[in-house]
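First comes the structure, then the notes that go with it.
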Amino acid sequence: MIDIPDLIGLLNYWVVIVLMMSGFYVVIAQGNLIKKIVGLNIFQVSVFVFYISMGKIEGGSAPILDDAIEIYSNPLPHVLILTAIVVGVATTALALALVVRINAAYGTIEEDEIQAIEHEEEDVAC
Amino acid sequence: MLTSDPWLILLVVVPLLAAPVCVLLRNATAAWAVALVVSWSIFGIAVKLLIQVLEQGEVFYRIGGWDAPWGIEYKLDPLGAFVVVIIATIGAVVIPYAKKSVENEIQKERIYLFYTMMLLCISGLLGITVTGDAFNLFVFLEISSLSSYVLISMGQDRRALTAAYRYLIMGTIGATFYIIGVGLMYQMTGSLNFADLSTIMPAIADTRTVLAALAFLTVGISLKLALFPLHMWLPNAYTFAPSAVTAFLAATATKVSLYVLLRIFFTVFGEVDLFATFPLQPVLIGMALAGMFLASLSAIWQENLKRMMAYSSVAQIGYMVLGVALATEAGLAGGIIHLFNHALVKGTAFLAIGAIIYSTGAVTLRDLRGVGKSMPLLMAAFIVAGLGLIGVPLTAGFVSKWQLVTATLEADMWPLAALILLSSLLAVIYVWRIFEVAYLRDSHLAPVKIIKKLPLSMLIPTWILALASLYFGTHATLTMDIAHTAARQLMGGM
Amino acid sequence: MISAYLSQAAVIQLTLILPLLGGLMVWALGERNRNLREAASLITAILEFVLVASLTSDVLDGGRPSVDMLEMFPGLMLTLTVEPLGQLFALIASGLWIVNTVYSIGYMRGNKELHQTRFYVCFTLAISSAIGIAYSGNILTMFVFYEVLTLSTYPLVTHSGRPEAIKGGRVYLGILMATSIGFLFLAMLWTYNITGTLDFQSGGILADKVHGPELAVLLFLYVFGIGKAAMMPVHRWLPAAMVAPTPVSALLHAVAVVKAGVFAVVKVIVYIFGLDLLVDARADDWLILVAAFTIISASIIALRQDNLKRRLAYSTISQLSYVILGAAILAPISVAGAAMHMAAHAFGKITLFFAAGAIYTAAHKTKVSELDGIGRTMPFTMGAFAIGALSMIGLPPTAGFISKWYILSGALETSNALVILVIIASTLLNAAYFLPIIYVAFFKEPQKRHKNAPHYEFENHGEAPWPMVLALCFTALGTIVLFFYPEVPLALGQALVGD
């Protein structure tokens, strides 16, 4: 039996999993190198959401030290994700730079076309 | 408790700070000099730390003076110190070698970037090894990965670009899997410190969240480790990367990933009877065996030397994982000692291939005709490496095989022992294909032309690693003792 | 005499190092100083024999000098120990190396072979590792040098670099590596796992530790793991290696390689299993059967070979199994006979190969059917060949008679009818494939080659170059001398089972 309140209570996880899987699917299924990067970003962002939502405590306030506040949300996952976002940006930048170079070298950013060119090269080499 | 030891943090900080210096210098030779000084001083620090760890026990450093588990703690145990020495050694050997090799393979105005990335990569790999914090490890993992994508894309062939791109996609998926796993564990424990995690873990080990965390961590690291069948990125990346990069990555990157796997299995889950709780052993052994046989078979059919050795690496990773999967002290020691020995052997092989490329431009097997005659000293080193891959006595490979087979026999798994030996016979075939072309076949035809004389700065590093593999093949007591100490500690017997 | 200047441990280590130093000299001198290079080879060989021989008297007096070279694994040394059987093997190998060097000089120059420096260097490596096997104090040491021997003889087998040589080399390396890595290595580690030691000890180390079928399996792994002993069905590498130059064949068949194989088998049976253990468990009945089968079937195959060297190769396979048989009977007297047979076969077979090489060098003939009347133009060569053949058959006055006598005595002692039958049958077979060669060589009219036939220029040949003839006469003489003075090999053989 599906427990409806549980389902709603786990909403953040549903969002995370849907994002994660669609991102993952795009990375695998798309032949366009740029779209793959988009997919990769969605995949990573799902993890960011996962961490951030994990730190939230019901009724908790922003973690600013003040005598009036009793319950804080956990700031640590947020800080971690700040780092992870930086890493993600760096990865995306590097990936895009690589795609620019690939486009210059092959004249295309479609994976199947690149593979065809590479196969041809290998046949010539052998 | 020991106080903080600043040498530990220097290991990571020195190359990390030297990297931007190289960018500012914008000069190939100056950048090389910086990298050389850094890599050699790191080697010195690494050896010092290894001796210290073996004599006095673990070394700590607490970042910002915060105590663990709140602050990030760096910690070096025998296993970590051993891996640090491997990375530092390979770095110290590859940097001098790289000078001529890189001048030959990379455009002059980009060379300083090469050394920048090299230093970042070294820093990242060392950071992974010394850190005691799961998230910090992710950061270093990405530092080393991003710099290695750049390094690979610097290869001459345009296929280097696509290889780097593919590695980037796979590597990022692997790293993201890793943080998902870390996140799930954090959710359950509220801690990121390995030592702290290991004390909390027994209470929650049988929850589904932990099972999912373990699965994500294992798959993510296996991607970086190139464990069969997650190795698809590796052959092209190793084939098209600049020779010095291939040698460096082949000898260190996958080894460090194995180290992470060991940390997770035997430190984080150290207090849990991991292999009894989760069905890990049959899966790992199955993948290891598949890698040993299928990758070796692929290696046999390769015409490109670098690709042949790359597939051989995938097979050798299978041996290491097999040792780990036995989950006995002897098995772990086998995996750890193979990690060291294979770094020496494969490092030698790739350095030698790089030297052949430098001198003759040859990369395929048939271009090697008569190289044994025209470059006798270099090919001799290559043959030493080849024999090491087979595991012939007196080479380092023999020591690994000895320990792995002993471990399987001790665990009463003699069919595995037979399979290990059988698969090492496949190595005979691909090594001998090279040997025959280099020395024997068509010996009446003119040997391949030497375009450029091989500089000593490339020959000597190759031979240093070859001699090290011979030395540790005949005097294995030291390495065996370290591997056993590390394994005993992982198994919790200290 | 030597012991006055050097400690015994130093002498033992020097027996391994000296050939390597010689090899280094040969390499340094190279093709440009070929006379000096050959002199260096020869002097090294002579010095080596003197060193090895100087250890003999001590071993006969019951001494077992031992030296640890290096610690390979924690608690496991690369150890050299001089014991009777090893001393016998070392004496044979180093003694025949001198003769073989003389012969090689004649052969390599006579046939204008390429890469002569590489040839001599690999030769010294092979000798060094053969001595290493002979003096090995534990299985690990034996295994290490066994593999080095395989690798160092590989360039010799493929010396010509022709496609058929590469193919032969593949079979050679493939079989020897596959068996040693697949079986011997496993057997070694299994033994270590059970006993915690790998030392060769008199009486064996496995007693009370292994039983029943396990024992038979372990023996199987050892016997077939030592592929150099050429027991069927792992014998194929030996005929395949026939593509090598003749001095290499002599090295393989007489001096080092196959001797290393049977030596290792005997050593494992005596020092690892121990005769008593095998007698009690009857674990080696199958070994006798396989050895008997190898003796008979290899002889039958030899009968049908027209290529002289191939015929000799199959003869070797059959003769090696005599040694295994002698050890497998497990009677002390037959084990001594097996040791003696190693010496007898070494001298006899090297003579036969030298003769085959001499015929090739002088007349460019390789087939038995071409040998009509060749005894008239090459009387010394064929005379020596006849003596070697008699020793193979086991007729007096040759050394082969004595060893066969001892093995047969052992069979009678244990009343093993099968073994007696096999020895008699194989003697007849040996006679059947050797005597016709001698007959046609001396009593048939020579066939003339057609003028346009290949190698016509060799039609009016005499004897081969003098170093070759000298060498083969010397070894033939040795075969006879061993018949009249078999004391040293026999004493060593008896010391092997006596203590």
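The values are calculated or read from the model by the stated rules, or taken from the named source; none is laboratory data. Please read these numbers as outputs of a predicted model, since none were measured by experiment. Reconstructed Cβ throughout: ideal geometry from the backbone, glycine too, with neighbour counts over all protein chains shown.
Residues considered: C:Glu38, C:Glu71, C:Glu31. Of these, the only one that is surrounded by 19 or more Cβ atoms within 10 Å (Cβ to Cβ) and acidic (Asp, Glu) is C:Glu38.
From the list B:Thr172, B:Thr162, exactly one residue is closer than 14 Å to A:Val87 by Cα, facing chain A (nearest Cβ under 7 Å) and buried (at least 24 other Cβ atoms within 10 Å of the Cβ). Which is it? Before you say what the answer is, go through the steps one by one.
Values: B:Thr162 fails: closer than 14 Å to A:Val87 by Cα.
Checking each option against the conditions leaves just B:Thr172.
Every condition in (1) under 25 Å from B:Ala487 (Cα atoms); (2) away from every other protein chain (no Cβ under 12 Å) is met by B:Gly397 except one, and the failing one is (2).
When you look at C:Lys209, is it basic (Lys, Arg), surrounded by 22 or more Cβ atoms within 10 Å (Cβ to Cβ) and either more than 11 Å from every other protein chain (Cβ to nearest Cβ) or touching a helix residue (DSSP H, G or I) at 6+ places or on another chain (Cβ under 8 Å) (or both), yes or no?
Values: basic (Lys, Arg): yes; surrounded by 22 or more Cβ atoms within 10 Å (Cβ to Cβ): no; either more than 11 Å from every other protein chain (Cβ to nearest Cβ) or touching a helix residue (DSSP H, G or I) at 6+ places or on another chain (Cβ under 8 Å) (or both): yes.
It is false that C:Lys209 is basic (Lys, Arg), surrounded by 22 or more Cβ atoms within 10 Å (Cβ to Cβ) and either more than 11 Å from every other protein chain (Cβ to nearest Cβ) or touching a helix residue (DSSP H, G or I) at 6+ places or on another chain (Cβ under 8 Å) (or both).
Figure legend. Inter-residue proximity from region B:367-391: first residues within 15 Å of C:Arg118 (Cβ to Cβ) and in contact (Cβ under 8 Å) with a residue 60 or more places away in the chain, second residues of a type in the set (Ser, Thr, Tyr) and not in a loop (DSSP other than H, G, I, E, B), beta-carbon distance below 7 Å, spacing 6+ or different chains. Indicated pairs: B:Gly372/B:Tyr439.
On the basis of being within 11 Å of another protein chain (Cβ to nearest Cβ) and under 15 Å from B:Val13 (Cα atoms), does B:Phe140 make the cut? So B:Phe140 fits the description; yes.
The residues on offer are B:Lys100, B:Lys75, and the sole one that is part of a helix (DSSP H, G or I) and basic (Lys, Arg) is B:Lys100.
Any residue in region A:4-12 that is within 14 Å of chain B (Cβ to nearest Cβ), aliphatic (A, V, I, L, M), free of Cβ contacts under 8 Å to residues at least 24 places away in the same chain and crowded, with 19+ Cβ neighbours inside 10 Å? Please lay out each step first, then the result.
If we filter region A:4-12 for residues that are within 14 Å of chain B (Cβ to nearest Cβ), which is where we start, we get A:10, A:12.
Checking which are aliphatic (A, V, I, L, M) leaves us with A:10.
Still in the running and free of Cβ contacts under 8 Å to residues at least 24 places away in the same chain: A:10.
In the following step, the residues that additionally are crowded, with 19+ Cβ neighbours inside 10 Å were identified as none.
No - not one qualifying residue is present in region A:4-12.
Remark: pairs (first residue in region C:247-272, basic (Lys, Arg); second residue assigned to a helix (DSSP H, G or I); Cβ separation under 7 Å; 6+ apart in sequence or on different chains) = C:Lys259/C:Phe89; C:Lys259/C:Ile92; C:Lys259/C:Ala93; C:Lys259/C:Met342; C:Lys259/C:Ala346; C:Lys267/C:Leu85. For region B:440-469, residues that are modelled with pLDDT of 85 or more, surrounded by 17 or more Cβ atoms within 10 Å (Cβ to Cβ) and farther than 13 Å from B:Ile356 by Cα total 7. Scanning region B:2-48 for residues that are within 28 Å of B:Trp66 (Cβ to Cβ) and assigned to a helix (DSSP H, G or I) yields a count of 21. Here is a check on your reading of the model: is C:Ile300 outside the structural domain of C:Val102 (by TED's automatic domain parsing), touching a helix residue (DSSP H, G or I) at 6+ places or on another chain (Cβ under 9 Å), surrounded by fewer than 24 Cβ atoms within 10 Å (Cβ to Cβ) and assigned to a helix (DSSP H, G or I)? Yes; evaluated as a whole, the condition is true for this residue.
Being under 18 Å from the mean Cα position of the chain (by Cα), of a type in the set (A, V, I, L, M, F, W, C), surrounded by 16 or more Cβ atoms within 10 Å (Cβ to Cβ) and at negative phi narrows it down to one residue among B:Val53, B:Val38, B:Val84, B:Val59; which is it?
B:Val84
For region C:193-212, a residue qualifies if it is in contact (Cβ under 8 Å) with a residue 24 or more places away in the chain and in a helix (DSSP H, G or I), and exactly one does: C:Gly212. Check whether at least one residue in region A:57-71 is more than 11 Å from every other protein chain (Cβ to nearest Cβ), at negative phi, in contact with a strand residue (DSSP E or B) (Cβ under 9 Å, 6 or more places away or on another chain) and acidic (Asp, Glu), and report yes or no. Scanning region A:57-71, I find at least one residue that is more than 11 Å from every other protein chain (Cβ to nearest Cβ), at negative phi, in contact with a strand residue (DSSP E or B) (Cβ under 9 Å, 6 or more places away or on another chain) and acidic (Asp, Glu), so the answer is yes. Within region C:403-419, the set of residues being surrounded by 14 or more Cβ atoms within 10 Å (Cβ to Cβ) and assigned to a helix (DSSP H, G or I) comprises C:Ser403, C:Lys404, C:Trp405, C:Tyr406, C:Ile407, C:Leu408, C:Ser409, C:Gly410, C:Ala411, C:Leu412, C:Val419. The helices (runs of 4 or more DSSP H) found wholly in region B:268-345 and carrying at least 1 residues that are in contact (Cβ under 8 Å) with a residue 40 or more places away in the chain and crowded, with 24+ Cβ neighbours inside 10 Å occupy B:280-290, B:296-301, B:305-326. Applying a threshold of 6 Å to beta carbon distances and a minimum spacing of six or more residues, or different chains, the list of pairs starting in region A:86-106 at a residue that is aromatic (Phe, Trp, Tyr) and ending at one that is surrounded by 13 or more Cβ atoms within 10 Å (Cβ to Cβ) reads A:Tyr106/A:Ile114; A:Tyr106/A:Ile117. Listed here are the helices (runs of 4 or more DSSP H) enclosed by region B:409-494 that have at least 3 residues being within 23 Å of the chain's Cα centre (by Cα) and away from chain C (no Cβ under 14 Å): B:456-474, B:477-490.
For region A:34-51, state whether one or more residues are outside any helix (DSSP H, G or I) and either within 10 Å of another protein chain (Cβ to nearest Cβ) or farther than 22 Å from B:Ser144 by Cα (or both). No, region A:34-51 has no match at all. The residue that is farthest from the other protein chains (Cβ to nearest Cβ), counting only those in region C:152-171 that are within 15 Å of C:Phe119 (Cβ to Cβ) and among the aliphatic types (A, V, I, L, M), is C:Leu156. Beta carbons closer than 8 Å, at least 6 apart along the sequence or on distinct chains, pair a first residue in region B:34-49 that is within 12 Å of B:Val85 (Cα to Cα) with a second that is among the hydroxyl-bearing types (Ser, Thr, Tyr) and part of a helix (DSSP H, G or I) for B:Phe43/B:Thr89; B:Ala46/B:Thr89. So which residues in region C:80-105 are of a type in the set (S, T, N, Q) and either crowded, with 23+ Cβ neighbours inside 10 Å or part of a helix (DSSP H, G or I) (or both)? Once the filter is applied, which keeps residues that are of a type in the set (S, T, N, Q) and either crowded, with 23+ Cβ neighbours inside 10 Å or part of a helix (DSSP H, G or I) (or both), region C:80-105 yields C:Gln87, C:Ser94, C:Asn100, C:Thr101, C:Ser104.
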